[in-house]
Every structure is written in C-alpha cells, then in structure tokens.
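The values are calculated or read from the model by the stated rules, or taken from the named source; none is laboratory data. None of these values were measured; they are calculated from a predicted model. All Cβ positions, glycine included, derive from the backbone under ideal geometry; neighbour counts span all protein chains shown. All accessible areas refer to the heavy atoms of the entire protein, side chains included, with ligands and DNA or RNA removed. Shrake-Rupley method; radii C 1.70, N 1.55, O 1.52, S 1.80 Å.
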Amino acid sequence: MSELQFPPGAAFIDGGFAKIEDAKISVLDWGFLRSDATYDVVHVWKGRFFRLDAHLDRFLSSAEKLRMKLPYDRAQIAEILAELVERTGFEDAYVEMIVTRGVSPTFSRDPRDAINRFIAFAIPFGWILRPEEREEGLALAVSEIPRIPPESVDPTVKNYHWLDLVMGMFDAYEQGARTCILTDGQGNITEGPGFNVFVVKDGKVATPMRGVLHGITRQASILLLQELQVPVSARPVSLHELREADEVFATSTAGGVMPVTKIGAHIVAGGKPGPITGRLIEAYWAAHTRDDGWSVAVKDVARGNLRG
Ligand code: PLP
C-alpha cells in the first residue's frame, strides 16, 4: 500500500491540538458509522476569516437541530479555529469544524447515550475551480439521481449525506463533465457537491429556495448582488430555466463564485463567464478585506476578538 500523503495542517480533537495525521476517531463513532454528524467550513484568505459569524451561527444551529451538545461555546470554538490557523502559519486556509454523535460508552443503540465529539482542522485552501480555470468555467452534468428530499434530511443542516452527490459525480465524469447538479426529481434544480447554483436571465438572478444548504457564499452573493443593484431572488428554479439561462454560476466556500459554462452538451453564455458573474466575482473577493463584519483577522480572533 502506498504511503498516505497528508496535506500540511493542524487539528483539534478530543480536547487538544494534534498533528493532522494523528487526528483519528474510533470506528465506533456514529459520525463514521451513520454519517451522524454536522460540520461547517469557513475559509481564511490573506490572514482573515471570511463571514466567520455566519459560519458559527450555522454550525451552532445545525448542532442544535441534531440535538447535539457542543463541549465549547461560540467564543471558544472561534479561538480554537484561529489557533489552528496560527499553528499552520497559512495565509489562506480551509478550516473545518465538526461535531459527531460520538460513541455511547456502553455502545447502546440509543443516540441520547452518545458523547458528542468536537473536531476541527485547518488545511491549505481548497478550490472546486481554481482562479486560473475561471475563464474556462465549470462543466456540469445534470444527474439522474434526485437530491435527498428535504423532508427526509434537512439540507440546511450541513451534513455528510453525500451518496447522491458522489454517485452523481461518477456519472458526470463518465459524461466528460467536471461535476454535477442534482434536481428535486420534480423538474427543479437543487445543488451540487459542495456548491449552490444561480441562474441569470434578462439581468435578473435567481437561486433555488428549497432543498438546498443555505450556503454562506450563496447568502454573501445575494447581499453583494443587492449592493450592486442587481435583482436577485430565492425561489424554485426549473431545469428548463437552467438550460435557458444567460449566465449560470456556482457558489462555495471552496472557491467562491464560479462561472458555469457548460451544462451537459449545452454551452452557457458562449462558453465564457457572463458580465453579472464577473462583477460578482470581483465584489466577492473585494469583500474579503472589508472589516464591517464581513471578514476578521485571524490574529484578532485568536485574541478573543471575534469582530476584529
Ligand atoms: N451545498 C452543499 C451540499 C455543500 O456541501 C456546500 C458546501 O460545502 C454548499 C452548498 C456551499 O455552501 P457554502 O457557501 O457555505 O460553502
């Protein structure tokens, strides 16, 4: 077996800091056995967390909805994340926080007996689409597999129920696409593996309202589009609208705002990033240096100052 190549990074597990390669959980943890976990990913860009407050809000609310108890409060979690980044020395980082159901001391089947486990780590910034690939954009395949219905698993709780998305990726690779988008099985689009999707038609922007994670990049994009005075709404978006759109873009903490230039065999916007997408990309990266609550220096958070 070839040696596993770990990315450089730092981890926090079972109450202490650890090397990323030493951060391990029990095979009996329900996070592993049943995907019984929630997580969040915030990024650091040029030494500043982006939208840290929003990520912490979502993480705490996800844990509560899953009836999990975090061993740390919001301020302590923020300090752990900042210390992780400081330990790596990274200026740009991908920072993940996780709470798993954990293990029941008697291995009973009752989830109330489990001791929830908090884990966090910082690794190098990860891109779904690299900046140098933006001109080319993302090629999406529309998956035949519908996204898990929101009535079954609440998609606003960030979760690891990814088998629909992962199988969709395999199908996409076979079709020569880079990644996939799933529908709700009723003709509306939902989301893809790690990203939300927006369509632009006649200068108006829309993104699915239901059956999706309320992505922090999605929320940031809505706010930035409003600042740019571009009309934007969250509403049902049909597959037909996706195919007829003037522009399509995807949003994720792992890469920001990403132009979609191909859907199946259909070329979007002449195969180039469209003008509204371009303006939003600019506004999104400019917002990383804003200190009006949009971003905060890692060193300030490490000193207990969440607002910079
Ligand atoms: N949708 C899913 C299923 C995701 O897993 C993610 C992020 O990992 C997103 C959307 C984008 O969310 P965010 O902008 O908060 O990164």
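Observations on the model:
- Percentage, to the nearest whole number, of Cα pairs in the range 33-188 over 22 Å apart: 55 percent
- Summed residue charge, Cβ within 12 Å of P149's Cβ, Lys/Arg positive, Asp/Glu negative: -2
- Beta bridges assigned by DSSP with both partners in the range 196-297 are antiparallel in approximately 85 percent of cases.
- Kirkwood estimate for the range 109-237, i.e. one over the average of 1/r between Cα atoms, Å: 16.6 Å
- Mean projected area in nm² (Cα convex hull; one quarter of hull surface) for the chain: 16.4 nm²
- Dipole check for the chain: with +1 at the C-beta of Lys and Arg, -1 at the C-beta of Asp and Glu, and the Cα centre as origin, the magnitude is about 460 Debye.
- Diffusion of the range 11-92 by Stokes-Einstein, at 25 °C in a medium of 0.890 mPa s and with Rh set to the Kirkwood radius over alpha-carbon pairs, works out to 174 µm²/s.
- Restricting attention to the range 131-273, close to 70% of DSSP beta bridges with both partner residues there are antiparallel.
- In degrees, nearest ten, helix 163-174 long axis to first principal axis of the chain (Cα): 50 degrees
- Most mobile listed residue (F50, F107, F125) in the chain, GNM with C-alpha springs under 10 Å: F107
- Inter-site label distance for I267 and E144 at 7 Å from Cα along Cβ, in nm: 2.8 nm
- When the chain is described by a simple charge dipole with +1 on each Lys and Arg Cβ and -1 on each Asp and Glu Cβ, the residue from V142, L242, V230 located farthest towards its positive end is V230.
- A simple spin-label model places pseudo-atoms 7 Å from Cα toward Cβ; at E133 and L70 they are separated by 3.1 nm.
- Separation of alpha-carbon centers, the range 15-88 and the range 140-175, rounded to whole Å: 23 Å
- The chain: angle of helix 74-88 to the longest principal axis, Cα-based, in degrees nearest 10: 80 degrees
- Summarising the amide proton neighbourhood of A18: residues at separation of 5 or more, or on other chains, whose placed amide H is nearer than 5 Å comprise A11, F12, I13.
- Among 182-191, 150-159, sorting by the average number of other beta carbon atoms lying within 10 angstrom of each residue, highest first, gives 182-191, 150-159.
- Ranking by accessible area, most exposed first, for R307, R34 with a 1.4 Å probe: R307, R34
- Y160 contributes about 80 Å² of solvent-accessible surface, heavy atoms of the protein only, 1.4 Å probe.
- Charge dipole magnitude, Cβ of K and R +1, D and E -1 - the range 10-124, Cα centre, debye nearest 20: 340 debye
- Neighbourhood net charge (11 Å Cβ-Cβ; Lys/Arg +1, Asp/Glu -1) for V248: -1
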